[in-house]
Amino acid sequence: QVQLVESGGGLVQAGGSLRLSCAASGRTFRTYATGWFRQAPGKEREFVAAISRSGGSTSYADSVKGRFTISRDITENTVYLQMNSLLPEDTAVYYCAADLSWGLALNVEEYDYWGQGTQVTVSS
């Protein structure tokens, strides 16, 4: 079992920054990869970024490359998503998820555990 709790969302102006946190408990970090996804109203949940179980590999959606950075702190059991140069189209509920399989999953169906989400709203 993995429990995930996101925080750090809020309202920010376009061009601003936010850092999301995902506090994990249960299994040790090294036994699963962690991803961030987002879901805007009326749209499907989409991949944003992921970090491998070793922490040595990361992957990003094209729409956030160069603006978002995923990282983790094993001592704190926390995964972060640093979001810079935010755009109104980044507005969504952001979810943290854990994937127990090997590799770096990019699809919603491949993740086993999910947090409750945190709202990010970017005003123009």
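Ligands, DNA and RNA are left out, and with a 1.4 angstrom probe the accessible area of the chain is 49 Å² per residue.
Answer rounded, prolate or oblate for segment 80-119, using the Cα gyration tensor with square roots of eigenvalues a ≥ b ≥ c: rounded when a/c is under 1.5, else prolate when a/b is larger than b/c, else oblate. Verdict is prolate for segment 80-119.
Cα convex hull of the chain: how many Å³ per residue?
91 Å³
The value obtained for segment 49-96, namely the Cα convex hull volume divided by the number of residues, is 82 Å³ per residue.
Overall, the accessible surface of the chain at a probe of 1.4 angstrom is composed of carbon and sulfur to the extent of 48 percent.
The values are calculated or read from the model by the stated rules, or taken from the named source; none is laboratory data. Given the structure is predicted, the values throughout are model-derived calculations rather than measurements. Areas reflect the complete protein model, heavy atoms only, side chains present, ligands, DNA and RNA absent. Shrake-Rupley method; radii C 1.70, N 1.55, O 1.52, S 1.80 Å.
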